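To start, the structure itself, in structure tokens.
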Amino acid sequence: MSYQITIEKTKNPKQKPDEHNLGFGIHFTDHMFTMDYTEGKGWHDPKIIPYSPLSLDPSCMVFHYGQAIFEGLKAYKSVNGDILLFRPRKNMERVNISNERLCIPPIDVDFAVEAIKTIVRVDQDWIPKSEGTSLYIRPFIISTDPYLGVRPSNTYKFLIILSPVGAYYKEGINPVKIYVENKYVRTVKGGIGYAKTPGNYAASLKAQMEAKEKGYTQVLWLDGIERKYVEEVGTMNVFFKINGEVITPSLEGTILAGITRDSTIELLKSMGVKVTERRISIEEIYEAHEKGTLEEAFGTGTAAVISPIGELNWNGKIIQINDGKIGEISSKVYDTITGIQSGKIEDPFGWIVKV
Ligand SMILES: *Cc1c(COP(=O)(O)O)cnc(C)c1O
């Protein structure tokens, strides 16, 4: 790849936030990566520049029609000072899956991984070191034609910004209460559910707010046609352990193919646990609970890694899972994946990439 990333360092480095009180997505580092796309010219001018607001025409297509995609991954400082990324190529491959759906031109996957490594190196002093903390990496692409007609844009910007983030679980992992959503749907087959694109998030906010008002942390999404099959939990993939077997919804166009989901499946299989990807109905989950075979339920995603589900409310029928405590498989997956990510546990899967 012949792209050369130019680097312009900031003259005014910011004061770094307190590592013990970082929160999520609040603080941003000193630099950002940008690269432009112009029809006929392709992707060009990759550069790292001081973190700063963008100047965009108010008619920019992204503001009106939402032609955009994003990613999320993390960099970790290992105990011996190495900087580690977790399966970054998977994220950049997923950019192109999202791009294809949103009519955004593809990026070069290897170059994009290089770009991530370069910006992380430039801002490496921002990677927090405390237990559970990391540097969250947010690559995203926006359409930038100043034009109000509806068609794919001819120009785009690819950006990468970085945010030091705190430990997701400060007081230990607590299983969450989940509302089974039967009014709103996240996506339908043929829609954009498998793409990581802002529209899916905008569409999910109302259900999330109403669930919060009822005292629930998140919603469990059901399929958009029959309101029968389980899809995702909030913005995480979902797993159920029934009678020793771990089941997760199969990827059929409505579900985001999570990298934590994929890693969880591979890890469980390596542990000799039976894992099945198939459609699973909410009735089946409630029936398993009746029979006493519903052993665990949890969500997976980059931010929390594992989020155990302690309670479900489906049409007013409330069930407790594993007495509202974190299950054995959930703990094992959490400890192993976070251990590999932070370099504390050896990585037999080839997931870790040193920066
Ligand atoms: C990002 C995302 C996930 C989780 O994907 P990871 O790669 O594991 O972080 C799951 N569902 C949705 C809708 C997402 O946007």
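The values are calculated or read from the model by the stated rules, or taken from the named source; none is laboratory data. This structure is a prediction, so every number in the text was calculated from the model and none was measured. We place every Cβ from the backbone using ideal geometry, glycine too, and count neighbours over all the protein chains shown. Please note that ligands, DNA and RNA were not included when accessible areas were found on the heavy atoms of the full protein model with its side chains. Shrake-Rupley method; radii C 1.70, N 1.55, O 1.52, S 1.80 Å.
When you filter the trypsin sites (Lys or Arg not before Pro) in region 57-137 for DSSP loop state and at most 15 other Cβ atoms inside 10 Å of their Cβ, you are left with K129.
Against the main long axis of the alpha-carbon atoms of the chain, helix 198-213 sits at an angle near 40°. Between F33, P128, A304, the Cα set farthest toward the positive side of the dipole of the chain (charges on each charged residue's Cβ, about the Cα centre) is that of F33.
Cα-based Rg of region 176-341 per 2.2 N^0.38 Å, rounded to two decimals? Before the final figure, lay out each step's value.
Values: Rg = 14.7 Å, N = 166, 2.2 N^0.38 = 15.3 Å.
Dividing the Cα radius of gyration by 2.2 N^0.38 Å gives 0.96.
Normalising the average separation of contacting C-alpha pairs (under 8 angstrom, six or more residues apart) by the number of residues puts the relative contact order of region 70-112 at 30 percent.
Scaled to the compact-protein estimate 2.2 N^0.38 Å, what is the alpha-carbon radius of gyration of the chain, rounded to two decimal places?
On the way: Rg = 20.8 Å, N = 355, 2.2 N^0.38 = 20.5 Å.
So the chain has a normalised radius of gyration of 1.02.
Taking amide hydrogens as placed 1.01 Å from N in the peptide plane, the amide H of I69 sits under 5 Å from those of I141, each at least 5 positions away in sequence or on another chain.
Over the chain, with the other protein chains present, what is the accessible area per residue in square angstrom, probe 1.4 angstrom? Write out the running numbers ahead of the final one.
Numbers: 16190 Å² over 355 residues.
Per-residue value: 46 Å².
Note on the chain: GNM, Cα springs under 10 Å; of I225, I160, I69, the largest mean-square fluctuation is that of I225. Per the Debye formula on identical point scatterers at the alpha carbon atoms of region 6-165, with no solvent, log10 I(q)/I(0) at q = 0.10, 0.11 Å⁻¹ is -0.38, -0.46. Amide H contacts of E232: W221, each under 5 Å away and 5 or more positions distant or on a separate chain (H built 1.01 Å from N in the peptide plane; Pro and chain starts excluded). Most mobile of I345, I97, I116 per a Gaussian network model of the chain (Cα springs, under 10 Å)? Highest fluctuation among the options: I345. From most to least packed by mean Cβ count within 10 Å, the peptides 270-280, 289-299 give 289-299, 270-280. Of the solvent-accessible surface of the chain, computed with a 1.4 Å probe over protein heavy atoms with every protein chain present, carbon and sulfur atoms account for 50 percent.
If you take every DSSP beta bridge fully contained in the chain, what fraction is antiparallel? Give it as a percent rounded to 5. Of those bridges, close to 80 percent are antiparallel. Backbone phi angles across region 343-355, fed through the Karplus curve with coefficients 6.51, -1.76 and 1.60 (θ = phi - 60°), yield HN-Hα couplings of x, 7, 10, 4, 9, x, 9, x, 7, 7, 10, 7, 7 Hz in residue order; Gly and Pro are listed as x. Which of these, S204, S307, S342, has the largest mean-square fluctuation under a Gaussian network model of the chain (Cα springs below 10 Å)? Largest GNM mean-square fluctuation: S204.
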